[in-house]
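A quick write-up on the structure given underneath.
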Amino acid sequence: MNKTNYRTLISVSQLQDLTLGGQPPLLIDVSFDLTDTEAGQAAYALAHLPGAHYLHLDRELSGSKVNEQGQFRGRHPLPERVDFARRLAELGLHPGQQVVAYDGQGGMYAARLWWMLRWLGHDQVAVLDGGLQAWLAAGLPMSMATPTALPTDFTARECLSPSLNADQLQMRLGQVRLIDARAPERFRGEVEPLDKQAGHIPGASNRLFKNNLQANGCFKSADELRVEFTSLLAPLAPSDIVHQCGSGVTACHNLLAMEYAGLTGSMLYPGSWSEWSADPRRPIAKG
């Protein structure tokens with residue numbers, strides 16, 4: 001593989017090679033904390049990977065929570081494609097340029113950015129395997145400097161990340177396999193700290209996104225992930241799989257793991273449980 005062409009994961013050493021090889025990627029820190037929404041940006045201001053920009057989950061990786069009809073779209077609905085493309089142009093992204101996303105939370109937010117770049121038609125994007133912790137474990141330097149950027153004319157292209165909305169999903173219940181990335185106790189409906197109702201979408205299977213990782217915070221091998229996901233999907237094809245979670249963020253971690261394992265073409269339900277559970281007309285299940 002061309003060393004400048006990473007489409008799923010990139011290691012710390014590979015990132016170093018890219019940077020030292022005269023083809024620096026666009027490096028983006030998306031560290032975040034759902035319980036303290038300014039913590040990620042505050043940590044970035046104190047220290048981040050040299051050259052990294054910061055994007056905020058609520059302000060830049062999400063759009064309006066309510067549509068024009070006044071309906072709730074979920075806690076982290078997608079922004080308008082043109083708005084997100086414009087923000088990346090402000091960071092200096094060029095078509096064909098490698099993007100590397102990272103966070104300090106096991107890739108749960110970096111995977112969302114990975115999916116969104118593909119949603120814009122930009123597939124030269126990878127998540128730093130092991131994230132901030134792997135960088136620090138390698139003894140590599142950090143920076144407090146905020147990089148400058150020369151804006152580009154980057155625009156959205158043909159979408160590479162299939163998705164579907166709540167109505168489309170409801171029509172296809174029983175025809176697709178839903179994979180819910182939330183914690184098992186939330187999936188079963190025993191607790192619900194964030195959303196309107198407890199439970200899950202009928203027919204969904206549970207795969208906590210953290211199960212994609214080794215103890216050191218790096219992803220399991222592609223072979224191991226392929227075995228685990230294949231047993232969960234069978235007998236359906238990856239293209240018949242829909243990923244969801246609480247708000248369309250950690251579901252992208254399972255999407256990334258499947259893509260890394262060579263199981264390509266599955267879909268995201270961006271609104272996820274936060275949108276679904278807010279509408280009393282939609283069915284829910286527990287247990």
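The values are calculated or read from the model by the stated rules, or taken from the named source; none is laboratory data. Quick caveat, the model's predicted, so the values are computed rather than measured. Here Cβ is always computed from backbone atoms with ideal geometry, including for glycine, and neighbour counts include all displayed protein chains.
Reported count of residues in region 33-55, each being free of Cβ contacts under 8 Å to residues at least 24 places away in the same chain and exposed (fewer than 14 other Cβ atoms within 10 Å of the Cβ), is 5. Of GLY287, GLY265, all but one fail to be touching a Pro at 6+ places or on another chain (Cβ under 6 Å), in contact (Cβ under 8 Å) with a residue 24 or more places away in the chain, exposed (fewer than 15 other Cβ atoms within 10 Å of the Cβ) and not charged (D, E, K, R); the exception is GLY265. Of everything in region 199-218 that is part of a loop (DSSP other than H, G, I, E, B) and polar (S, T, N, Q), the residue that is surrounded by the fewest Cβ atoms within 10 Å (Cβ to Cβ) is ASN216.
Each row is one residue, and each column tells you yes or no for (1) assigned to a helix (DSSP H, G or I); (2) modelled with pLDDT under 95; (3) not polar (S, T, N, Q).
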position	(1), (2), (3)
TRP114	yes, no, yes
HIS122	no, no, yes
GLN133	yes, no, no
GLN168	yes, no, no
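Yes or no: GLY106 in contact with a helix residue (DSSP H, G or I) (Cβ under 9 Å, 6 or more places away or on another chain), surrounded by fewer than 22 Cβ atoms within 10 Å (Cβ to Cβ) and under 14 Å from HIS253 (Cα atoms)? Spelling it out, GLY106 is indeed in contact with a helix residue (DSSP H, G or I) (Cβ under 9 Å, 6 or more places away or on another chain), surrounded by fewer than 22 Cβ atoms within 10 Å (Cβ to Cβ) and under 14 Å from HIS253 (Cα atoms). The set of residues in region 112-137 that are of a type in the set (D, E, K, R), farther than 19 Å from LYS220 by Cβ and out of contact with any helix residue (DSSP H, G or I) (no Cβ under 6 Å at 6 or more places or on another chain) comprises ARG118, ASP123.
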